[in-house]
Amino acid sequence: MTGPNPALALDVPLEFPIRIQANLKPILLLFGVHDDGRARVRIADGEFTATFGRFGASTPLSNISSWDITGPYNSLRAVGVRRSIPKPDLSFGGSAHGGLRVHFRQRVRAARLMNTELYVTVDDLEGLAAALTARGIPGEDLRRR
């Protein structure tokens, strides 16, 4: 028998490290990403905060309308701080294994840009999804379609 899932405890701060793919570490150094905890997602005090080296984004959980899990990705297209064209989305990518995308109700400033979506390649995609779901934010795993 397993214990309670910490993602379901709404008053406990949660941290989800962004997975750092070993062969991408030299490229990630350009974004200020090291193995020191500066690449993570934190849920605490009603806020969703993503940090990726010198870059970050923070918004109230109430500003997240939904989430989905996508991937896996091409390594060269997934790494670093990236923006899609023509969509106003942003990625904090440390690996190609997949990512969780949050959809914002109102645009969020990150990397000097206003964004409608943010992809984060956290190590525990399902754990972050469970934490958001437990806080009333719907979503789905698009990898299982």
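No lab work stands behind these numbers, since they all come straight from the coordinates. Just so we're clear, the structure is a prediction, and the values are computed from it rather than from any experiment. Note: ideal-geometry Cβ built from the backbone for every residue, glycine included; neighbour counts use all protein chains shown.
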**Fill in**
Here the relative contact order (percent) of the chain, from C-alpha pairs under 8 Å and at least 6 apart, is 25 percent
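Taking the Cα centre of segment 11-144 as origin and charging only Cβ (+1 Lys, Arg; -1 Asp, Glu), how large is the dipole, in debye to the nearest 20? Walk me through the numbers before you get to the answer.
Details: 18 positive and 14 negative charges, 134 e Å.
Dipole magnitude for segment 11-144 comes out near 640 debye.
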**Message:** If you average the C-alpha positions of segment 121-144 and of segment 62-114 separately, how far apart do those two centres end up, in angstrom?
**Reply:** 14 Å
**Request:** State log₁₀ I(q)/I(0) for the chain at q = 0.09, 0.15, 0.18 Å⁻¹ as given by the Debye formula over alpha-carbon point scatterers of equal weight, solvent excluded.
**Result:** -0.24, -0.70, -1.02
**Item:** Label-point gap, in nm, between Asp124 and Asp45 - each point 7 angstrom along Cα→Cβ
**Value:** 2.2 nm
**Request:** Grab the other residues whose beta carbon is less than 13 angstrom from that of Leu29, score K and R as +1, D and E as -1, and report the net.
**Result:** +1
